[in-house]
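I have placed the structure first, in the form of structure tokens, so that the comments after it can refer back to it.
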Amino acid sequence: MLMSRGLRKVVNGLVVVFAKQGNRSVGVRPLSVCGVGQAEAETRESARDDHYDIIVSGGGMVGFAMACCLGQSKRLSNQRILLLEGAPSKPWSLPEDFSNRVCALNAHTQKLFQKLGVWEHITQMRTQPVKRMQVWEACSEAMITFDAQDQEDLIAHIVENDIILHAIKAQVPNHVEVEYSAKVKGYNLPSDSSSKVTVSLQDGRILTADLLIGADGAKSLVRKTMGVQYLSWEYDQMGIVATLQLSEPVDNTVAWQRFLPTGPVALLPLSEDKSSLVWSTTRANAKELLTLSDEEFTEALNRVIWDDSGTDQIVQSVHERWLKLLETFLPGRGADIRQLPPSLSTVMPNSRGAFPLGLGHAVHYVAPRIALIGDAAHRVHPLAGQGVNLGFGDVASLLDTLENCILMGAEIGEEQNLHSYESERQRHNVATMAAIDGLYRLYSTTATPFVLLRSLGLSAVNVMTPLKRRVLHHAEG
Ligand SMILES: Cc1cc2nc3c(=O)[nH]c(=O)nc-3n(C[C@H](O)[C@H](O)[C@H](O)COP(=O)(O)OP(=O)(O)OC[C@H]3O[C@@H](n4cnc5c(N)ncnc54)[C@H](O)[C@@H]3O)c2cc1C
């Protein structure tokens with residue numbers, strides 16, 4: 001359904017289109033002045049019908065957040081905006097059971113959502129605060145903890161992806177046109193800003209735009225068509241996700257992550273008796289884990305969380321002396337209290353799923369009349385829970401850039417005007433991605449010198465509160 005092909009009427013000498021989205025009228029636009037020849041008016045009308053100031057391609061969490069920001073922006077209020085999503089629209093209401101796909105949203109994303117009115121919908125549905133995060137490893141006793149300063153400064157909020165998406169959709173203003181089952185077949189991208197972008201849909205329609213925003217995920221067709229260099233590799237790992245039942249209700253506000261040589265396993269709090277699992281492991285192990293019964297899977301999970309048989313004894317004794325030394329220089333801070341993760345009773349039936357994990361980064365996010373955002377521009381390992389937060393950061397930054405363009409009277413699609421978006425985001429994203437990939441590699445080895453270095457380093461960072469806060473705040477930026 002193309003919403004702009006709505007009912008046409010002549011009102012006060014103007015041909016007016018009443019666009020419809022389902023039963024919802026999404027905009028009223030004068031198209032042509034009466035008196036122009038009928039055929040010419042029809043042609044012009046249809047050309048303008050198919051032209052948008054901004055097309056957002058891809059309606060995942062990031063694409064919808066972009067459409068929501070553009071639609072709510074006062075400076076961009078006269079822009080004609082279309083969001084294209086390849087998948088069909090499905091009716092949705094909050095299910096009783098937790099979804100196995102969740103994200104840890106950081107403070108920066110929360111602020112953006114509060115500004116958009118999205119956060120209120122999320123809190124009305126469900127979300128679980130994270131007040132503490134404990135990260136430890138399988139080869140030594142070293143660990144690091146992050147504690148919330150206060151209620152206003154929590155570590156993160158765990159929210160199901162479906163809730164995030166539907167909360168954002170609820171705040172997309174009516175004048176933003178949204179089209180589902182609108183798979184894009186191809187793009188014709190201009191080599192400079194003198195021509196428009198052409199978007200060919202699978203149903204044969206052709207649209208044009210002054211600016212195309214590629215939010216079409218890690219396999220982005222927009223990025224491929226741009227021909228931009230894309231640095232990428234697979235981790236030969238799968239991320240197993242599932243919902244877990246705890247043995248008893250607890251104050252479940254701690255996020256736990258244990259680094260194993262095969263990959264990190266994380267338990268994220270959902271409610272007082274449920275947690276969400278993200279278990280990154282080798283493809284072979286993931287395949288095997290998916291075939292286990294619920295009981296066997298729970299047993300295997302409990303083993304990797306509790307088993308200390310992989311502890312390196314040399315590292316252990318040096319690390320104990322290191323902690324004593326830290327305690328001498330920073331009394332009271334050397335030995336942080338190690339909490340025990342909640343005991344797991346079972347994995348919820350049919351809640352297991354698995355996703356391939358990899359890293360990818362587009363060397364350029366912009367080109368004439370194009371900007372990439374979210375996973376279309378960058379893909380990271382979920383070990384730091386940053387993927388979609390980086391995408392929401394892109395959205396906020398691109399909105400700023402476009403608003404500035406309008407303020408300066410500049411063309412929104414001109415490449416030079418989009419560069420501030422690219423440089424601002426790449427500065428942040430590349431540093432975050434390098435840190436995540438570095439962590440992944442550092443914890444993939446069991447070689448004693450590396451285990452020793454990372455254990456001493458982790459314990460040292462753990463006692464340096466200002467450094468820990470800097471790490472946390474960079475992740476939020
Ligand atoms: C196991 C796992 C755990 C994760 N945990 C976290 C976490 O805790 N915190 C976090 O921040 N991130 C996390 N992430 C990452 C996060 O899920 C992604 O970063 C996020 O989903 C990317 O959103 P997106 O909107 O950019 O892309 P997508 O969700 O991939 O959306 C792209 C959209 O574009 C549409 N599309 C694609 N091609 C076309 C086309 N040709 N025409 C029309 N439409 C098209 C698709 O249908 C889709 O709806 C995790 C990822 C994994 C795998």
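A few remarks follow.
- Of T445, N417, V430, farthest towards positive along the dipole that unit charges on Lys, Arg, Asp, Glu beta carbons give region 403-455: T445
- Per-pair calculated FRET efficiency, R0 = 22 Å: D153 and R126 via Cβ, rounded to 0.05: 0.55
- Computed FRET value (nearest 0.05) for D307 with R470, which takes r as the C-beta separation and R₀ as 30 Å: 0.35
- Region 246-338: C-alpha gyration tensor shape, a/c 1.5 cut-off, then a/b vs b/c: oblate
- Taking Cα atoms only, the orientation of helix 294-306 departs from the longest principal axis of the chain by about 60 degrees.
- Under 22 Å from the Cα of K324 - lysines, other chains or at least 8 residues apart: K468
- Between S191 and L407, the distance separating the two model label sites (each 7 Å from Cα on the Cα→Cβ line) works out to 3.5 nm.
- Charged-residue dipole, Cβ positions (Lys, Arg, Asp, Glu), region 50-476 about Cα centre, Debye nearest 20: 640 debye
- Structure-based [θ]222 nm, the chain - -39500 (n - 2.57) summed over DSSP H runs of at least 4, per residue, nearest 500: -11500 deg cm²/dmol
- Label positions at V363 and S343, each projected 7 Å from the Cα along the C-beta direction, are separated by 5.6 nm.
- Helix 61-72 and the long axis of the chain differ in direction by around 50°, with both axes built from C-alpha atoms.
- Positive contributions from Lys and Arg (+1) and negative ones from Asp and Glu (-1), summed over other residues with Cβ under 14 Å from the Cβ of L292, come out at -2.
- Charge sum, other residues only, whose C-beta stays under 12 Å from A182's C-beta, Lys/Arg counted +1 and Asp/Glu -1: -2
- Region 59-99-region 389-436 distance, computed between alpha-carbon centres (Å): 19 Å
- Spatial extent of region 337-477: Rg and Dmax, with the Cα atoms as the point set, Å: 19.6, 61
- In terms of its C-alpha gyration tensor, region 285-367 has an oblate overall shape, because the principal axis ratio a/c (a ≥ b ≥ c, square roots of the eigenvalues) is not below 1.5 and a/b does not outweigh b/c.
- Between the alpha-carbon centres of region 243-282 and region 154-183 there is a gap of 25 Å.
- Degrees separating the helix 313-329 axis from the principal Cα axis of the chain, which is the longest one: 80 degrees
- Where labels lie 7 Å past Cα in the beta-carbon direction, separation of S77 and E96 in nm: 4.6 nm
- Rounded to the nearest 5, the antiparallel percentage of DSSP beta bridges internal to region 50-476 is 70%.
- Difference of contour (0.36 nm per residue) and Cα-Cα distance, A284 to R441: 54.6 nm
- With every protein chain in place, region 109-258: carbon and sulfur % of accessible area (1.4 Å): 47 percent
- Gyration tensor verdict on region 427-470 (Cα atoms; rounded if a/c is under 1.5, prolate if a/b is larger than b/c, oblate otherwise): oblate
- Dimensions of the chain based on its C-alpha atoms, expressed as ranges along the principal axes with the largest first, amount to 90, 44, 42 Å.
- Probe 1.4 Å, accessible area per residue of the chain, Å²: 45 Å²
The values are calculated or read from the model by the stated rules, or taken from the named source; none is laboratory data. Note that this is a predicted model, so its numbers are computed, not measured. As a convention, Cβ positions derive from the backbone with ideal geometry for all residues, glycine included, and neighbour counts pool all protein chains shown. Heads up: the accessible areas ignore ligands, DNA and RNA and are worked out on the full protein's heavy atoms, side chains in. Shrake-Rupley method; radii C 1.70, N 1.55, O 1.52, S 1.80 Å.
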